[in-house]
Amino acid sequence: MPKLPLFLILIPFLPFLCTSFSPENPSSRRVLVLLDDLALKSSHSVYFKSLQSRGFELDFKLADDPKIGLQRYGQYLYDGLILFCPTTDRFGGSIDLAAILDFVDSGHDLIIAADNNASDLIREIATECGVDFDEDPAAMVIDHTSYAVSETEGDHTLIASDDFIKSNVLLGSEKIEAPVLFQGIGHSLSPANSLVLKVLSASPSAYSANPKSKLSNPPSLTGSAISLVSILQARNNARILISGSLVMFSNRFFRSGVQKAGTLTKHEKSSNEQFLTELSKWVFHERGHLKAVNVQHHKDGEADEPSMYRINDDLVYSVEIYEWSGRSWEPYVADDVQVQFYMMSPYVLKNLSTDKKGRYFTAFKVPDVYGVFQFKVEYQRLGYTSLSLSKQIPVRPYRHNEYERFIPAAYPYYGAAFSMMAGFFIFTAVHLYNK
Amino acid sequence: MVGKAEPVNGSVKSGSNQSIPAAMQSPLKKSDLIPNLSLKTLKLKTKQQELLIRVSILCLVYVLAFITRLFSVLRYESMIHEFDPYFNYRTTLFLTEKGFYEFWNWFDSESWYPLGRIIGGTLYPGLMVTAAIIYWLLRFLRFAIHIREVCVLTAPFFASNTTLVAYFFGKEVWDSGAGLVAAALIAICPGYISRSVAGSYDNEGVAIFALLLTFYLFVKAVNTGSLAWALASAFGYFYMVSAWGGYVFIINLIPLYVLVLLITGRYSMRLYVAYNSMYVLGMLLAMQIRFVGFQHVQSGEHMAAMGVFFLLQVFFFLDWVKHLLSDTKLFQAFLRITVTTAIAVGAIALGVGTASGYISPWTGRFYSLLDPTYAKDHIPIIASVSEHQPTAWSSFMFDFHILLFLFPAGLYFCFKRLSDATIFIVMYGLTSIYFAGVMVRLILVATPAVCLISAIAVSATIKNLTLVARAKNKVTQTGFVRGSSSLKGSSKASLDQSQPFQRNGAIALLLGAFYLLSKYATHCTWVTSEAYSSPSIVLAARGAHGNRVIFDDYREAYFWLRKNTPPDAKVMSWWDYGYQITAMGNRTVIVDNNTWNNTHIATVGRAMSSYENEAYEIMRSLDVDYVLVVFGGVTGYSSDDINKFLWMVRIGGGVFPVIKEPDYLVNGEYRVDKGAAPKMLNCLMYKLSYYRFGELTTEYGKPPGYDRARGVEIGNKDIKLEYLEEAFTTSNWIVRIYKVKPPNNRWERCSIFTLGPHCAALPFSGNVSWLGRINFSTNAGIG
């Protein structure tokens, strides 16, 4: 039994083995990379190196390796998954479609790179993520106006696209100058899914068809409806990147120069590296990851949180919001965070002011309506983690002794009542004894 | 006092040849007086004997009234019954734990989510305060009992007290014999027992006592003209107002009675004093109850009392003027002008008040009392409650038995000896019998009147018969000693030919009356034991071998909720179960039996009758976490949600016209088998009730999915749930709880819902219609 001592030695290290994604430390550390062919490891080494240099442990496995698995004993072994295996029909080991979807639904990140001839399995995963690849397996995105100029005329499947989504959170603050080279299959976004977004879309003149055969029918995907690279941020903030091209991650595309057809500027280097690296930072929560902590509310002038408010109370609400910078939590600064005081519809909607140190606060008066209210912060901004905080608090009406005891407007009535009593008393006395 | 000078109107009270002023001076003495004057020689001794017998009968009746209501405790356990009592129990518990002021100001955030309910301002606190006072008193006397025991036994205790009031009332109206009979009758009358068995901790339990007490004290006040009795009656009224919404009956019946007395020329100073002080004080006191508040001067239901109040003043004024004026012609003219002006001013005030909204119009429930078809057409939520259905003849017979025949006889006796008091009891009897015909639950209000009037009939008849029998015995003294052997008596007495026959007849009739009354006692005991002692939270059925099978599914489900769901979970169910979920499951509910907000209930009804995806939107907007349905298909329990479902559709459709009743019916028929309407087969309620039911064989020799409550095979056996998942189903499937899933992680919404193609085109099969049964399906009372 040589394994037993080894196992006993390993026991103290178990906690280290079990660390996984946590909101406190959102940077994923262990990433499983599934490949069709181990040659990809070297042909796409620049991309992998950039990940490794940022501290990720990449675990390269062949997609049909029978030993691979995402979890063991109910614990996930990885924090991220990169599928660079467009042609795999079925994964080895315990991984299948359901396992990958569970992986995502438990808050882990996923990068999918498809290609033409993408397998049904990859298509199904993409479909579950709200993206439909062109049904024709041989179809590629063709663009006769914004293709990348190259030595050979070719079939215009190598596209130089610069139609990026406008978001610093997704693509970094540095402007992407050169177009991105793309060669592969196009996809469309499922209309029923509002969470998925186009990051890189094709130009209006693009269409998706088999470049080898003659176009007999109108192509099913045309123009800017075609998405080249899409992202999806799930409700649990798992992030997914879907690309129709595997080759765009390759060293070759990273290094090659690019000139978009119809333009004169020839860029030394395509923006693939910048674009994809920045996107990978977003996918692996190095950017745009917010956390909201320390939600507090109390009556104006008090410190403790009450279990119930009264109508027309003045209250103070505060929340702290931080952004993960890759290493530490930094205060998040914005002027558009709002809080609702909500009961079936918002009764109060207020902008929160910030002290630039992460704390957001406001003060308002409880409306003159009783019921079970909620403090709601629904902060959904492009690229950022969607913050959805709600805290229930009942609002009660006045107690019987909280009304004003004497109101000036009623003095005539008090007077009437007392004068009546006095008059009655005098009348009785006179009536009874004055005979 | 002014009342003294007034002559007693109508005939003098029977037996005792005493005038009212004498009674006023010594009311206690009078009660001890025996009406029977024939045995004057043995006066003292008989008096004591009679008193002893009377007191011991009353004591026995008092105990009997209590113990006959204990069947449910003996058979099941000391538990709270039905639906509303659970709310009363919960509030009483709160009251005893937190004290009166917390109770008074209680804002309950656990019901009517997210609106909440101000409990203190929307209930009649009389019952809870009564129980709490009894509890505190027992605690003070060092009886360490749980508040639940007090709550369970409050209704029987007050039923016992009611018998005492009935005795005094009977004595006031007729004589002490009638009082005793009334006490005995009301002690076991099923109409009253139905709402006052042990565990039926509801407002009516104390309210009937308060109602009868108020009436008794008012009649006493009218008879004596005493301010003190009027004051007592005002306090009785206050207790009634604090206990039950049925006080509206008092505040309308008493003015009506006064009006009748005015019209029949029985106006007297006694009436003036009694009514005015009772009305003014009663009104001031009633306004202290938060739930009533200014309604007492503002709502249409209370206007009759105010109108009569002013009318009495006009009457008094006219009397005074008549007294001053000697000229009749002048008075006639004056009368004409005054009456016209008074009526005009009253009409204008009422018109202006109603038009400006100061006087609120009559409520729907009041309308439905006057017009029994009103609720059916306009307010489905009132019509849906089984207690609010018109009464069937059989239930009159069931609840009153021989009283139903004695009642007209009693009326005859009352008319024969009209007095202010008998007029009152006649009016009380007639109006309440009418209301009992309109709504089942109002049999309860009619019961005391029916018992009293029947008691008069019984007492007067038996008295006459015994007089006949005894008169004969005086002549034939030996017959009296040897007993009532009619043959011997008749052979000796040949003085009068008709007398022996009369005596025999009398004895035969006495035996007949005895037989009828003993039948009544048997019937009452049987009804109490079989029909009215079931707690309805625990169901009992007879098994195949005649053994008693207990279904304790409700408590199982509520216990599961309490132990397995997060404390702030919101549970959506039909409103019937709201009180039980909050009281036993301790979870927040969307709607409950308080039914104060029709729109909220209609929203739940709409969710239940929509397709699953539409219902999901509604449930998300209400933050629903769990859905609870009651299903009787496995056990054959017929008052389940599927049988109540048409009411959900109607109530939902009343507010949201997208829900249309014909969508759920096939040719006007309500069915759940293959011939059911496609919308029916795919609405949320159907899916939640029959989820996984298609796999289950419920009865030997029947196909799987055979619904025993409706006796058909269900039409949609392959039910898939997309937005909900089954969380818990009780052992007999009576309660099923589903969890609402959170929205899909990666999708905005799931695939578009499609109708099963097999639904619409299947052949017509089975045509059982349960529309007739549905009326009696919803089980709880409102307010």
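Every number here is computed from the coordinates shown, using simple stated rules; none is lab data. Just so it is clear, the model here is predicted, and its values are computed rather than measured. Please note: Cβ atoms are built from the backbone with ideal geometry, for glycine as well, and neighbour counts cover all protein chains shown.
Annotations
- Put simply, the stretch A:141-183 fits an ellipsoid with semi-axes of 25, 10, 7 Å; these come from the alpha carbon gyration tensor as the roots of five times its eigenvalues, largest first.
- Simple label model, 7 Å out from Cα along Cβ direction - B:R142 to A:S43, nm: 9.6 nm
- Counts of other chain beta carbons within 10 angstrom of each beta carbon in peptide B:107-116 average 6.
- Under 5 Å, built H, 5+ apart or other chain: amide partners of A:S256: A:S270
- Scaled to the globular estimate 2.2 N^0.38 Å, the Cα spread of the stretch A:217-373, given as radius of gyration, is 1.59.
- Protection proxy ranking, peptides B:593-601, A:290-298, average beta carbon neighbours within 10 Å, highest first: B:593-601, A:290-298
- Formal net charge of residues neighbouring A:S188 (Cβ-Cβ distance under 14 Å; K, R +1; D, E -1): -2
- Cut-off under 5 Å, modelled amide H: who pairs with A:I111 long-range: A:L81, A:I82, A:L83, A:L241
- Residues whose amide H falls under 5 Å from that of B:M572, counting only those 5 or more places apart or on a different chain, are B:D625, B:Y626, B:V627, B:L628, with hydrogens built in the peptide plane.
- Treating r as the C-beta distance of A:D155 and A:K175 and R0 as 30 Å, the FRET efficiency rounds to 0.45.
- The GNM of chain A, with springs linking C-alpha atoms under 10 angstrom apart, assigns the highest mean-square fluctuation among A:S201, A:S173, A:S250 to A:S173.
- Ellipticity at 222 nm from helices only: DSSP H runs of n ≥ 4 in the protein assembly as shown, each -39500 (n - 2.57), divided by the residue count, give -14000 deg cm²/dmol.
- As a length-normalised measure over Cα pairs under 8 Å and 6 or more apart, the relative contact order of chain A settles at 12 percent.
- Integer Hz, Karplus 6.51/-1.76/1.60 couplings in order for the stretch B:699-709, x for Gly and Pro: 9, 5, x, 10, x, x, x, 8, 7, 6, 6
- Mean Cβ neighbour count within 10 Å, used as a protection proxy, ranking B:390-399, A:67-76, B:549-558, B:88-97 highest first: B:88-97, B:549-558, B:390-399, A:67-76
- Length-normalised contact order of the stretch A:289-396 in % [C-alpha pairs under 8 Å, at least 6 apart]: 29 percent
- Pairs of Cα atoms farther than 28 Å apart, the stretch A:9-283, %: 33 percent
- By the compact-protein rule of thumb, 2.2 N^0.38 Å, the alpha-carbon radius of gyration of the stretch B:614-701 corresponds to a ratio of 1.16.
- Global form of the stretch B:567-715, assessed from the alpha-carbon gyration tensor, a/c cut-off 1.5: oblate
- With the alpha-carbon atoms of the stretch A:64-112 aligned to their principal axes, the span from lowest to highest coordinate is 26, 21, 15 Å, starting with the largest.
- Across peptide B:117-125, the average count of Cβ atoms from other chains found within 10 Å of a residue's Cβ is 1.
- Prolate/oblate/rounded call for the stretch B:95-243, Cα gyration tensor, a/c under 1.5 rounded: prolate
- Over the C-alpha atoms of the stretch A:108-160, the Rg to Rh ratio, Rh being the Kirkwood estimate, stands at 1.08.
- Kirkwood radius, the stretch A:300-364, all distinct C-alpha pairs, inverse of mean reciprocal distance: 13.4 Å.
- Hull-based mean projected area of chain B, where the convex hull spans the alpha carbons, in square nanometres: 42.9 nm²
- Over 30 Å between alpha carbons, listed pairs A:K391/B:K717; B:K644/B:K720; A:K391/B:K741: A:K391/B:K717
- Equivalent ellipsoid semi-axes - Cα gyration tensor, the stretch B:204-326, angstrom: 26, 15, 12
- Summing Lys and Arg as +1 and Asp and Glu as -1 over all other residues whose Cβ lies under 11 Å from the Cβ of B:I193 gives a net charge of +1.
- Computed from backbone phi, the HN-Hα couplings of the stretch B:356-373 come to 7, x, 5, 9, 6, x, 5, 7, x, 5, 5, 4, 5, 6, 7, 10, x, 8 Hz, rounded to whole numbers (Karplus: 6.51 cos²θ - 1.76 cosθ + 1.60, θ = phi - 60°; Gly and Pro given as x).
- Largest mean-square fluctuation among A:G154, A:G172, A:G358, in a Gaussian network model of chain A whose springs join Cα atoms under 10 Å apart, belongs to A:G154.
- Cut-off 10 Å between beta-carbons: net charge of the residues surrounding B:G179, Lys and Arg +1, Asp and Glu -1: 0
- Tensor-based shape of the stretch B:413-465 (alpha-carbon gyration tensor, a/c under 1.5 rounded, otherwise prolate or oblate): oblate
- Sorting the segments B:662-669, B:229-236 by their residues' average number of neighbouring beta-carbon atoms within 10 angstrom, most packed first, yields B:229-236, B:662-669.
- Mean projected area of the convex hull spanned by the Cα atoms of the protein assembly as shown, taken over all viewing directions: 72.1 nm².
- With kT/(6 pi eta Rh) evaluated at 10 °C and eta = 1.306 mPa s, and Rh the Kirkwood radius from Cα pairs, the stretch B:202-263 diffuses with a coefficient of 136 µm²/s according to Stokes-Einstein.
- Counting Cβ atoms of other protein chains within 10 Å of each Cβ in B:617-626 and taking the mean gives 1.
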